[in-house]
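*Asks:* The structure under discussion is supplied below as structure tokens; questions concerning it will follow.
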Amino acid sequence: MSFALFIVRRLGRGVLTIWFAVTVTFLLLRLLPGDPALAVASPNMTDEARAGLLAQYGLDKPLPVQYVLYMGQLLQGNLGTSFTQSIPVLDVLLQRLPWTLLLTATALILTIAIGIPLGVLAASSKGRFWDKLVQIVGVTGQSLFVPSVGIVLLFVFGLNLGWFPIGGAYDQDVYGLEWYGSVLSHLVLPAISLTLIQLGSYVLTMRATLIDALGDDYITLARANGMPYRRILWKHALRNALLPATTLIGLQLGYLVGGAVLTETVFAYPGIGRGIYEAVTQLDFPVLQGAFLLLAATVVVANMLTDIAYGFLDPRVKAS
Amino acid sequence: MLALAACAPQAPEDTGGGNPEAGSDTLTIATTTDVVNYNPLIGNSRSDYWITNLMYPHLLSIADDGSKEPALATKWGYVDDTTGFYEIRDDFTWSDGEPLTAEDVAYTMNAVKQDAPSGTFYGQMANFESAEAVSDTRVEVTLSKPDSSIIDEIGFWGNVVPKHVFEPAGSVAEFANDGAGGWVSAGPYLLTDVQVGQSYTMERVDDYPLVEGGTPIPAKVVYRVFPDVNTEILALQSGEVDVIANALPPAQVEQLRNTDGIEVAEVPGLGYAHMVYNMDNPDLAKLEVRQALSQAADYETIRDVVLQGQAVSTGSSPLMPVLSAYYDDSITEYEFDTDKARELMEKAGYTAGPDGMFPVTFRLLYSLQDSVTSQWVQLVKDSAAEAGIAIELQGLERNTYLAKTDEGDYDIYAGNFAIMDDPVTNFTLAYLPGGAINYTHVDDPELNDLIAQASVTNDTDEKVSIMREAAKIVHDKVYDNIMYTQNLYMAYSSDWDGFIVKPSELLSIVNPESVASAHKAE
């Protein structure tokens, strides 16, 4: 199979996945027991006013009609208008998306940058002190709860030591280079928090796959041929061990977005996760539909990139 | 008889102390939510209310006892049974230079009535027909039928918006007012910069007649969003923010009172927490069963333990002590006595089984997002079990809770109202058949008559007397079980002073006069 055909097939599968996600989101929201009119209106709203509000939202039409209208809108690139804010959904999302991308990408890079060396350290000292320490850290990391980690980090490094700001994405009234510095200082604690909760599973997977790889025949052969251990470890064993770890990164993206909802809430970070939370509380269907479409597209694209990376790491994937 | 009940104008409260000059300081206020809607006629969240209140004035404000006091309006009342009026100040100007006149007031009211936006304002307009600016400073309101509360209520709940901005935008129910061409303000501040999810920056409007000296003191007000209240408190302690706009959780009050550099202001609550027994349930339709339930809850323990002593009893009456003109201390709280509750159940015809439990189970609906209620319903369940009455708790996510409440799908409803400022309006909504918050589904002809009388009575003494009689019926027949009024506590930095606290969380420490009067402590 040519590389182009490989990409086309992945794209086709991605589009189908997004359509499925969009449809399920559309239906699930309408199966919720709440009523968007009740969620935003004052308790003393009259029945007529409530019916008027539902008509304004387009929720008075039969479900199939709503679905056809929504899909028609989507095909024209229109995500609709927010129920509560009366502005285009795309505007609502684009205001917040860059911050979530910055936060999750930083956490992902940190996870990989810290996770690989820690996994290598543990695997290469299997059963010894460093291995045990990394395992303890890994298992502990898997059981961390974002809000607790966040508050502890804020309390220690924000309030007591004063090294980092308490919340937000940047300071008011700063411009130019100073603004980038401010963005960076606001990013540190939420990114560490999100990294800490991802790191455990990544390190443990890395360790396990590397230990497997180190037991393979070709490693024994390389050792018998007198190849230096460091070279065997980093050049041969690690490259093979990276395959499952790469898959894990693709899978973890979903969790990363879930973690971002909580991280953004605790650190008052203005990302899309918080936007989703607010839209859920207000039953703002168009914003939720748009946000989930965006997230589905992000995860699909990331998984496609993972597949492509996988293809480079292991030519057998392309061949199959 | 024509009832002429114009309210006497009162000067705004004296802030006390000196009169610090307008300076260059920025007051940073923390809130837990973003602004959802900049149109004050639609907006419902607290942040919407706090921020738009700094730009779009109300005709009336509220005093500590729940009575209305002047804001944009200087006089208000009734010309006759179906005509009300407001006299407004002549010194208010929109920030784009246009004067604020009675035309703006009349336009706002008529547009709200016509377009039915989802906010609280429209909900007060059932008996409103139209408004007319009869001069630059006088608006007359025509009612579809006599209503002795409406002038107070729409004056208090409704903001005034600029006709020259809102009218060209079409329906006020759909206008986002998102500042595409900049905002226009007649309040102390003008919104100039929005960083969604992060901050809202407002700059001083030099001419604001309701603040002493005529010019707001802080040059800027920045609202910063901290969705997690714990982070919000850390930000106050670290000095990143100066005030927290939302009320503190009861468990945090004592700790912050004892924290250096933090002051805690007490704000009278104007709402109440209550349990309502759904009379569509045949068991709960029996007075003895409702009485038994009312005697099977330990109100004092709930206030002491869950509310940490930060709540007051209303005497189980919907006329809370804070509404001092209406409060009737002869109505006393339901006694917590599980033996009496058992006797009442037996009197209602129920026999306890060998396990001491009566053959009834009531499903109690509450919102899981309401952390205080979520705690006390557990105590209610335990104490009811002592009286042999089984209560099954059904805590739900807020939107599902609202939907079930709307459908009447509960035996017992637990929840609270933030502001119940006008007894007649509240009784109309809560106890008349078809009332939007008549969660008991009560239809008592005697009570209905009293509420109808009060709603057309402009004589204050007579109205108070009628409402006390109605409250006694509600209490004695257990049409509602008011648990407490919660006092609210607001935290601010001791670097600041001069706030003018008003009742309720909506006004509290961040009402326009308070923000405009705040200054650095000496």
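Nothing in this text is a laboratory measurement; each read-out follows from the coordinates by a stated rule. Since this is a predicted model, take the numbers as computed values, not measurements. Virtual Cβ from ideal backbone geometry, glycine too; neighbours counted across all protein chains shown.
*Asks:* Rounded, prolate or oblate: pick one for the protein assembly as shown, where a ≥ b ≥ c are the square roots of the eigenvalues of its C-alpha gyration tensor, a/c under 1.5 means rounded, and failing that, prolate if a/b is larger than b/c, else oblate.
*Replies:* Note, shape of the protein assembly as shown comes out prolate.
*Asks:* So, one more: Using alpha carbons only, how many degrees (0 to 90, rounded to 10) separate the axis of helix B:229-238 from the longest principal axis of chain B?
*Replies:* Between the helix axis and the principal axis of chain B, the angle is about 50 degrees.
*Asks:* Apply the Kirkwood formula to segment A:88-158: the hydrodynamic radius equals the inverse of the mean of 1/r over all pairs of different alpha-carbon atoms; give it in Å with one decimal.
*Replies:* Taking every pair of different Cα atoms in segment A:88-158, averaging 1/r and inverting gives 14.9 Å.
*Asks:* Tell me the relative contact order for chain A as a rounded percent, counting alpha carbon contacts under 8 Å between residues six or more apart. Mind dumping the intermediate values first?
*Replies:* Numbers: 340 pairs, mean separation 90.5, N = 320.
After rounding, I find 28 percent.
*Asks:* Here is a follow-up. How long are the three semi-axes of the equivalent ellipsoid for segment A:144-243, computed from the Cα gyration tensor as the root of 5 times each eigenvalue, in whole Å, largest first?
*Replies:* They are 43, 17, 10 Å, listed largest first.
*Asks:* Just the number, please: percent antiparallel of the DSSP beta bridges in the protein assembly as shown, rounded to the nearest 5. Working shown, then result.
*Replies:* Numbers: 55 of 73 bridges.
Antiparallel bridges make up about 75 percent of those DSSP assigns within the protein assembly as shown.
*Asks:* Let me ask something additional. For a quick check: with amide H placed at 1.01 Å from N, whose amide H comes under 5 Å from B:Ser130's, ignoring anything fewer than 5 positions away on the same chain?
*Replies:* Those qualifying (amide H under 5 Å, at least 5 residues apart or on another chain) are B:Thr142.
*Asks:* Moving to a separate point now. Starting from the amide H of B:Thr192, placed 1.01 Å from N in the peptide plane, find each other amide H under 5 Å away whose residue is 5 or more places distant or on another chain.
*Replies:* HN-HN under 5 Å from B:Thr192: B:Thr201, B:Met202, B:Glu203.
*Asks:* Sticking with this one: If eta is 1.567 mPa s and T is 4 °C, what Stokes-Einstein diffusion coefficient results for segment A:1-138, Kirkwood Rh from Cα pairs, in µm²/s?
*Replies:* Estimated via Stokes-Einstein, D reaches 64 µm²/s.
*Asks:* For the protein assembly as shown, what is the calculated [θ] at 222 nm in deg cm²/dmol (nearest 500), taking -39500 (n - 2.57) for each run of four or more DSSP H residues and dividing by its residue count?
*Replies:* So the helix-based figure for the protein assembly as shown works out to -14500 deg cm²/dmol.
*Asks:* Applying the Karplus parametrisation 6.51 cos²θ - 1.76 cosθ + 1.60 with θ = phi - 60° to the phi angles of segment B:339-346, what ³J(HN,Hα) value in whole Hz is obtained for each residue in order, glycine and proline being reported as x?
*Replies:* With coefficients 6.51, -1.76 and 1.60, one gets 5, 5, 4, 4, 4, 5, 5, 5 Hz.
*Asks:* Would you please give the residues with an amide H less than 5 Å from that of B:Val267, counting only those at least 5 places away or on a separate chain, with H modeled from the backbone geometry?
*Replies:* B:Leu488, B:Tyr489, B:Met490
*Asks:* How big, on average over all directions, is the shadow cast by the Cα convex hull of segment B:23-87, in nm²?
*Replies:* So the mean shadow area of the Cα hull is 7.1 nm².
*Asks:* Across 10 Å bins from 0, what is the distribution of all Cα-Cα pair distances for segment B:347-477, in whole percents?
*Replies:* 11, 31, 31, 21, 5, 0
*Asks:* B:Thr26 versus B:Asp178, label points 7 Å from Cα toward the beta carbon: distance in nm?
*Replies:* 2.5 nm
*Asks:* Output wanted: per-residue J couplings in Hz (rounded whole) for segment A:7-17, from phi through Karplus 6.51 cos²θ - 1.76 cosθ + 1.60, θ = phi - 60°, x for Gly and Pro.
*Replies:* 5, 4, 5, 4, 4, x, 5, x, 5, 4, 4
*Asks:* Would you kindly derive the ³J(HN,Hα) couplings of segment A:49-57 from the backbone phi angles with the Karplus curve 6.51 cos²θ - 1.76 cosθ + 1.60 (θ = phi - 60°), listing them in order in whole Hz, with x for Gly and Pro?
*Replies:* 5, 5, 4, x, 5, 5, 5, 4, 7
*Asks:* Express the C-alpha Rg of chain A as a ratio against the empirical globular expectation 2.2 N^0.38 Å, rounded to two decimals.
*Replies:* 1.21
*Asks:* Using only Cα atoms, what Kirkwood radius does chain B have, in angstroms?
*Replies:* Roughly 24.2 Å, rounded to one decimal.
*Asks:* Lys and Arg at +1, Asp and Glu at -1: add these up for the other residues within a Cβ distance under 14 Å of B:Ala285 and post the number.
*Replies:* With Lys, Arg at +1 and Asp, Glu at -1, the net is -3.
*Asks:* Then there is this: Against the longest alpha carbon principal axis of chain B, how many degrees, from 0 to 90 and to the nearest 10, is the axis of helix B:398-407 turned?
*Replies:* With rounding to tens, the tilt is 60 degrees.
*Asks:* Another one. Return the percentage of antiparallel bridges among DSSP beta bridges fully within chain B, rounded to the nearest 5 %.
*Replies:* Around 75 percent of the beta bridges assigned by DSSP in chain B are antiparallel ones.
*Asks:* May I pose another question? Over 25 Å between Cα atoms: which of B:Lys113/B:Lys472; B:Lys68/B:Lys145; B:Lys75/B:Lys463; B:Lys347/B:Lys477; B:Lys404/B:Lys502 fall into that group?
*Replies:* Where the Cα-Cα span goes over 25 Å, the pairs concerned are B:Lys113/B:Lys472; B:Lys404/B:Lys502.
*Asks:* Sort A:2-15, B:293-306 for me by packing, meaning the mean count of neighbouring Cβ atoms within 10 Å per residue, highest on top.
*Replies:* B:293-306, A:2-15
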